[in-house]
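One structure is given here, and the rest of the page talks about it.
The values are calculated or read from the model by the stated rules, or taken from the named source; none is laboratory data. Worth saying up front: this structure is predicted, and the values here are computed from it rather than measured. Backbone-built Cβ (ideal geometry, glycine too); neighbour counts: all protein chains shown. Side chains included, ligands, DNA and RNA excluded: accessible areas come from the protein's heavy atoms. Shrake-Rupley method; radii C 1.70, N 1.55, O 1.52, S 1.80 Å.
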Amino acid sequence: MNHLKRCWAEIDLSAVEYNLTEYKKLLPEGTELMCVVKAACYGHDDRIIAPFLQNELGVKYFAVSNFDEARRLRDMGIKGEILILGYTPPELAQQIADLDILQACTEYAYAEKLSQNTADTVRLHIAVDTGMTRIGIRADVSQTCDEIEKIAALPHISAEGIFTHYSSADGTDKSDDDYTRMQTEKFFAVRDMLDKRGLVLKHAHCLNSAGGAYKYSQRSTLARLGIILYGLYPDPAKPLPFVPKPVMTLKAVVSQVKTIEQGTAVSYGRTFVSPRPMRLATITAGYADGYPRALSNVGEVIINGSRCKIAGRVCMDQFMADVTDAGDVRPGDIAELMNKDITADHIAALTGTIGYEVTCLVTSRVSRITSSTVD
């Protein structure tokens, strides 16, 4: 085994394929997939997943957060279109052009700086702020089109698309649905006016994972598939048309098993005191691996098929679990910290966050391997 058998994450590429295939069935004809692989595929490992998406599943569009992530994809042999969704310093405009990368553009002033920093052509998708209030041109439809036309007229600039981002497509309230439809209508009003003015762009995309799943647009040229690709829900409170399969299983080893007496304090701060004689397993993972300290005394792991509750505080590199009723647990046994039963969404609910953050916080010292390479 070529990874340190202490704490590691197994990446199930068959789950990636299943999630992508099922999601594609929800999309209207003519809408292509853009797989969002930023933040190392939401913590899963872009080196494993991105080439698989391109070479095995035929994905042609990718989205990342920043220039370094885009360059990393090119370095690993990704040849498709790569859109940088976030900010790139204008001084890197020439490098953007050299690598043939699409850059998100937030306003005319930014496009002008990009134009001034390259001798070639920077390709842009222009952000339209329809209600997320994060990036993009925020104005009425006519004024938005005016600014987009100014951007498209700049030298060394190729305006190839516009996009917007939904703020509440995964919401469960009717007002969320109404708000998302308002965003969609405003966005395509911009697209239609640009067409009438003679500026016909190749792409106009508004669908994120939730937007595509809940069918908010038949006109979006791309659907930006993010969290669902990795087997998690945009919001677990809102069912999806299919049940996604979690891609990551987080595992660690039992390093020691000991018996303690009733009344024994466990871990930092003595927040757990044994109510009876117990058997405790020490597990080789902690918050430095991205396993949340907030799971102290509330989380569970699975050892030999049994759910075992965490006892005491999660430490930086280790924590303890109650294995009294888990059978013959021994050093070297494997504990599953996150899997199809204890999902990132489940952990998020216990710790007051979202599944996105749980997987993104799994740190770089945790080896990522494909399930097929496990001994």
Rounded percent of accessible protein surface that carbon and sulfur make up, segment 1-114, 1.4 Å probe: 46 percent
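Could you state the accessible area per residue of segment 151-228 in Å², with a 1.4 Å probe and every protein chain left in place?
Accessible surface, normalised per residue, equals 39 Å².
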Checking the a/c ratio against 1.5 first, then a/b against b/c, what shape does the Cα gyration tensor give for segment 328-369? oblate
Set Lys and Arg Cβ to +1 and Asp and Glu Cβ to -1, take the dipole of segment 267-333 about its Cα centre, and tell me which of 318, 267, 287 lies farthest positive. 267
Could you give the distance between the Cα centres of segment 33-66 and segment 238-255, to the whole Å? 18 Å
Estimated distance in nm for a label pair at residue 370 and residue 116, the labels positioned 7 Å out from Cα along Cα-to-Cβ: 4.8 nm
Describe numerically, in nm with one decimal, the distance between label points set 7 Å from Cα along Cα→Cβ at residue 262 and at residue 74. 6.8 nm
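Using a/c under 1.5 as the rounded threshold, could you call segment 73-189 rounded, prolate or oblate? The axes a ≥ b ≥ c are square roots of the C-alpha gyration tensor eigenvalues, and prolate needs a/b larger than b/c, oblate otherwise.
Here segment 73-189 falls in the oblate category.
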Return the sequence-ordered ³J(HN,Hα) values of segment 51-66 in whole Hz as given by the Karplus equation 6.51 cos²θ - 1.76 cosθ + 1.60 applied to θ = phi - 60°, using x for Gly and Pro. x, 5, 4, 6, 7, 9, 10, x, 6, 10, 10, 9, 10, 10, 8, 8
Using the Cα gyration tensor of segment 177-218, with a ≥ b ≥ c the square roots of its eigenvalues, what is the shape: rounded (a/c below 1.5), prolate (a/b larger than b/c) or oblate (neither)? oblate
Taking the Kirkwood radius as the inverse of the mean 1/r across Cα pairs, report the Rg/Rh of the chain. 1.05
Between residue 34 and residues 5 or more places away or on another chain, the pairs with built amide H atoms under 5 Å apart involve 223, 224, 225
Name the residues whose placed amide hydrogens come within less than 5 Å of the amide hydrogen of residue 333, ignoring near sequence neighbours (fewer than 5 apart) on the same chain. 254
Integer Hz, Karplus 6.51/-1.76/1.60 couplings in order for segment 100-117, x for Gly and Pro: 6, 10, 7, 10, 5, 10, 9, 5, 4, 4, 5, 4, 4, 5, 4, 4, 7, 10
R0 of 25 Å, Cβ-Cβ distance residue 276-residue 317: FRET efficiency to nearest 0.05: 0.35
Return the carbon/sulfur percentage of the accessible area of segment 166-258, one whole number, probe 1.4 Å, all protein chains in place. 51 percent
Long pairs among 38/215; 196/238; 60/174; 186/245; 24/150; 150/196, criterion Cα-Cα beyond 26 Å: 196/238; 60/174; 186/245; 24/150
Using alpha carbon centroids, what distance separates segment 182-207 and segment 283-320, in Å? 49 Å
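So, counting K/R as plus one and D/E as minus one, what does the shell of residues with Cβ under 15 Å around residue 47 add up to? Intermediate values should be presented prior to the final figure.
Numbers: positive: 38, 71, 72, 74, 368; negative: 10, 45, 46, 56, 68, 69, 75.
For residues surrounding residue 47, the net value is -2.
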With a point put 7 Å past each Cα toward its Cβ, work out how far residue 363 is from residue 185 in nm, to one decimal. 5.0 nm
Residue by residue, what Karplus-based ³J(HN,Hα) values in Hz, rounded to whole numbers, does segment 173-187 have, using 6.51, -1.76 and 1.60 with θ = phi - 60° and x for Gly and Pro? 8, 4, 5, 5, 5, 4, 5, 5, 5, 4, 4, 4, 5, 5, 4
Accessible surface of segment 286-327, 1.4 Å probe, proportion on carbon and sulfur as whole %: 45 percent
Search the structure for amide H atoms under 5 Å from the amide H of residue 59, placed 1.01 Å from N in the peptide plane, and list their residues when 5 or more places away or on another chain. 54
So residue 140 and residue 330, fully extended at 0.36 nm per residue minus their Cα-Cα distance, gain in nm 61.8 nm
Kindly report the accessible area of segment 255-346 per residue (heavy atoms of protein chains, probe 1.4 Å, no ligands, DNA or RNA), in Å². 47 Å²
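Counting heavy atoms of the protein chains only and a 1.4 Å probe, report the per residue accessible area for segment 51-90 as a whole number of Å².
Numbers: 1760 Å² over 40 residues.
Per-residue accessible area for segment 51-90 comes out at 44 Å².
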